[in-house]
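For reference, the structure is listed below as structure tokens.
Throughout, read-outs are computed from the coordinates displayed, never taken from laboratory work. Everything numeric in this text was worked out from a predicted model, so none of it was measured. In this analysis, Cβ positions are derived from the backbone assuming ideal geometry, glycine residues included, and neighbour counts consider all displayed protein chains.
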There are 2 protein chains.
Amino acid sequence: MRLSRYFLPVLKETPADAQIASHRLMLRAGMIRQQSAGIYSWLPLGYRVLRRIEQIVHEEQQRAGHIPLLMPTLQSADLWRESGRYDDYGEEMLRITDRHGRDMLYGPTNEEMITDIFRAHVTSYKDLPLTLYHIQWKFRDEIRPRFGVMRGREFLMKDGYNFDLTKEDALHAYNRHLVSYLRTYERMGLQAIPMRADSGPIGGDDTHEFLVLAETGESEVFYDSKVTDIRLGEREIDYDSHAECRAVMEEFTSLYARTDETHDEAVFNEIPEERRRSARGIEVGQIFYFGTKYSEPMGATVVTQSGERVPVHMGSHGIGVSRLLGALIEANHDENGIIWPEGVTPFHCGIVNLKQGDAEADAACEDLYKALKARGLEPLYDDREERAGAKFATMDLIGLPWRITVGPRGLKNGVVELTSRRTGESEELAPETAVARVAEIYAGL
Amino acid sequence: MRLSRYFLPVLKETPADAQIASHRLMLRAGMIRQQSAGIYSWLPLGYRVLRRIEQIVHEEQQRAGHIPLLMPTLQSADLWRESGRYDDYGEEMLRITDRHGRDMLYGPTNEEMITDIFRAHVTSYKDLPLTLYHIQWKFRDEIRPRFGVMRGREFLMKDGYNFDLTKEDALHAYNRHLVSYLRTYERMGLQAIPMRADSGPIGGDDTHEFLVLAETGESEVFYDSKVTDIRLGEREIDYDSHAECRAVMEEFTSLYARTDETHDEAVFNEIPEERRRSARGIEVGQIFYFGTKYSEPMGATVVTQSGERVPVHMGSHGIGVSRLLGALIEANHDENGIIWPEGVTPFHCGIVNLKQGDAEADAACEDLYKALKARGLEPLYDDREERAGAKFATMDLIGLPWRITVGPRGLKNGVVELTSRRTGESEELAPETAVARVAEIYAGL
């Protein structure tokens, strides 16, 4: 993309009403615009990151064998009356009446609707196991929306639902989701720690929240510091293997790590003192097993091999897709702006032309631009007639992990400068070497 | 995808309440499920086609230089009061009150919001031309939703908005959209004819609708039969060239082609009688130029080179993404089911194993499955223990354009059968030749 033809409305001033870094930086970098309280437009740069996160979530869900579909944003109140949640849900549910006077609502979650789909179409144990998911906009009418996209009212969530014949199979689905979530977050360059949590209005006994440690997090968390040393890394895990998924679950959840809702001071104090940590965290996902809580009242049953009709065992599993942008920025920024991890960056590499209009510099930038694109990369070329300082400030603010700087002086020596946003370190390289280096960095992602 | 692990709930019976072929076939093929009147879940197969259509729309929009963003589904009523449309829009607008008693609405279109984004961030003629678009769910509270996704209430639309300094530039944006829309529809294997139309509640003088001819279309249309002979084809068009885009516009719109809203019997009768056609059509897109209708009341202005402040010239341009599935099926089906054009098919090729459980047949199918995937294709392998007839019926119903049939008898002679869904013609080929043939078919798409 050439910046002269893009729409990147960066702000010079820090917005007064934004209290946390991610909210400030998303506004300053021209990523979002508030349209109403807790409702945002995703401007082009923000939209690009949102799509990259969505793409990673899709890929990891499908790698785990989960099947995508798409449920609508609006739901009939009748479905929620069946489960009993229509009255329970309270004021966070946005209730709507259509022109015929029918009660509708903007879905805050989809347990009822997916159970309805299941019961309409599945009748035999042979069709299990089954996990369906979607990535769709949700609405929760928060009384005080704040912190930008971290606690918005209209937000994008991946929610998935498993249907299994037995509790044991459903717990495997739970573990499989845990593994796939760990992989999802790690691909984004994010450490999210599964912590034992409270199930809230979804219901159920087993639930873990995934928390990113950050000073601005809304939840207080308590954990054994050893838990932060564990990584899934590159290991191959067979998602069909109950044993392999259970082993990962046990490895990641046997050390103490809980939110304040489930925190137990006595158990916490059994950890050696030097490993006890209390901190703040941002919740970026949650998994639940809740058995037959919905399948029983809603009649989602299958006929078993022996001819018996039984309700299916279910769980639901969510990733806060739009919220992840906030969490990623909270975990990756400095005083100059955002520092995107390579896995989610909106553009792979910036190109800064120090002397726009200089024939040689312009030609070198064009060549770099085309060479990066030819490698399947998406560069952002700052081809505006601006001072070098302004161009650097913009690049630092929007946080592309790599920048190639092109100027007449370097070109005389046949070099351009490749700079890491994270370390600030620069290297002078021949243009083709810089392109190869950038391509290599992204090759594994 | 292996069908044994997929969720494809095909129906044996024809749903009684579905009046048109596309609605019937989408229900029967397990593509959609109605959740409320005019509100659908997109089941896995339907969701795949929706995503393919969305992808083509994105690619062609970006090829034309248009920039994607994403506006929210819910909007503040205040924005619509500024343009005067809040009271005008009538009962099709779904009006919502949030917990604080604020008036909101589920956006049926986005002229107000995009104008708000523009005026907040753009102040100079230097930032023009600019075209922003998004693909987002919309809601129109139709009094009688019908024909499945063709006239639903919650529907997916691409809507784009151009901002230009002069009327001439805005008319170029209009023409550029016309060209990019033609290319978009042709890539989907669809002929959509631009017809002079009425501007309705969007406003403006210049507008064309894109219509797909189909007996079940809701609009009556009148045209010169020569208009159906024109194709954009493979020609290269420079989207920055006013002259090239205008030439295409003139070529496609100089022959008589109008909806009943603008039909003029006297002009129509000037066409030689043998070329006069009246038919029915499905509207799949519309482009508008409306000048300063929104920019003036909402204060969307820029400062010109000479320092003058002027309102920008705008237009808006829509493609009915979810409705396109219905139009595609209306134009591509037979008595056995859907016949997807290669450009939008949910899977590239089906594999039917005639004797599941036979070691040789199973191994041959696995090899084919892997070989197709290795070529970047997405096969659907029917690995269920079902009769051949049932497998063929499912493949015909869901309409994959190509099917490879594998059975013990063919394998003895070293061949499998490659069948075209459209022509029904089959050819016996060595498995590797069949794979190469399928790869070749999709190579240019």
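Observations on the model:
- Set the Cα radius of gyration of the range B:347-443 against 2.2 N^0.38 Å, with N its number of residues, and you get 0.95.
- More than 16 angstrom apart: percent of Cα pairs within the range A:53-136: 60
- Working from label points 7 Å from Cα in the Cα-to-Cβ sense, the residue B:443 to residue B:280 distance is 4.2 nm.
- Were the residues from residue B:238 through residue B:81 laid out at 0.36 nm apart, the gain over their Cα-Cα distance would be 52.6 nm.
- With label points defined 7 Å past Cα in the direction of Cβ, position residue A:306 shows copy-to-copy spacings of 9.1 nm, given to one decimal and shortest first.
- Nonlocal Lys pairs with alpha-carbon distance under 16 Å, chain B (8 or more apart, or different chains): 5
- Largest mean-square fluctuation among B:371, B:257, B:29, in a Gaussian network model of chain B whose springs join Cα atoms under 10 Å apart, belongs to B:371.
- Radius of gyration and Dmax over the Cα atoms of the protein assembly as shown, both given in Å: 28.1, 94
- 3J(HN,Hα) along the range B:66-74: 8, 10, x, 9, 8, 9, x, 6, 8 Hz, from the Karplus curve 6.51 cos²θ - 1.76 cosθ + 1.60 with θ = phi - 60°, whole Hz, x for Gly and Pro.
- Length gained when the stretch residue B:273-residue B:247 is fully extended (0.36 nm per residue, less Cα-Cα span): 6.7 nm
- Angle in degrees between helix B:359-374 and the longest Cα principal axis of chain B, rounded to the nearest 10: 30
- For the range B:44-94, a Kirkwood hydrodynamic radius built from all Cα pairs, placed in the Stokes-Einstein relation at 20 °C and 1.002 mPa s, yields a translational diffusion coefficient of 152 µm²/s.
- Neighbourhood net charge (13 Å Cβ-Cβ; Lys/Arg +1, Asp/Glu -1) for residue A:212: -4
- Helix B:388-398 axis versus longest C-alpha principal axis of chain B: approximately 10°, rounded to the nearest ten.
- Kirkwood-Stokes translational diffusion coefficient of chain B, alpha-carbon pairs, 25 °C, 0.890 mPa s, µm²/s: 103
- The ellipsoid equivalent to the alpha-carbon distribution of the range B:209-272 has semi-axes of 25, 15, 11 angstrom, derived from the gyration tensor eigenvalues as √(5λ) and listed largest first.
- Cα-Cα P(r), the range B:255-366, percent of pairs per 10 Å interval: 10, 18, 20, 20, 15, 9, 6, 2, 0
- Gain in span if fully extended, residue A:366 to residue A:387, counting 0.36 nm per residue against the direct Cα distance: 5.7 nm
- Using every pair of distinct Cα positions in the range A:112-265, the Kirkwood expression returns a hydrodynamic radius of 17.5 angstrom.
- On the beta carbon distance between residue A:412 and residue A:378, with R0 = 35 Å, the FRET formula returns roughly 0.75.
- In chain B, the longest principal axis of the Cα atoms and the axis of helix B:111-121 are about 70 degrees apart.
- Over the range A:56-202: Rg over Rh, Cα atoms, Kirkwood Rh: 0.97
- Antiparallel content of DSSP bridges confined to the range A:347-443, in %, to 5: 50
- Gyration tensor (alpha-carbon) shape descriptor, the range B:174-317, a/c threshold 1.5: prolate
- Residues residue A:306 and residue A:4, FRET efficiency given R0 of 56 Å [Cβ-Cβ distance, rounded to 0.05]: 0.20
- 10 °C / 1.306 mPa s Stokes-Einstein diffusion coefficient of the range B:2-50, Kirkwood radius on C-alpha pairs, µm²/s: 141
- Build a GNM of chain B with springs between Cα atoms under 10 Å apart, and of B:126, B:293, B:391 the one that fluctuates most is B:126.
- The fewest-to-most ranking of B:122, A:149 by surrounding Cβ atoms within 10 Å reads B:122, A:149.
- Helical runs (DSSP H, four residues minimum) scored at -39500 (n - 2.57) apiece and divided by the length of chain B put the mean residue ellipticity at 222 nm at -10000 deg cm²/dmol.
- Teacher prompt: residue A:12 distances to equivalent labels in other copies, 7 Å Cα→Cβ, nm: 7.3
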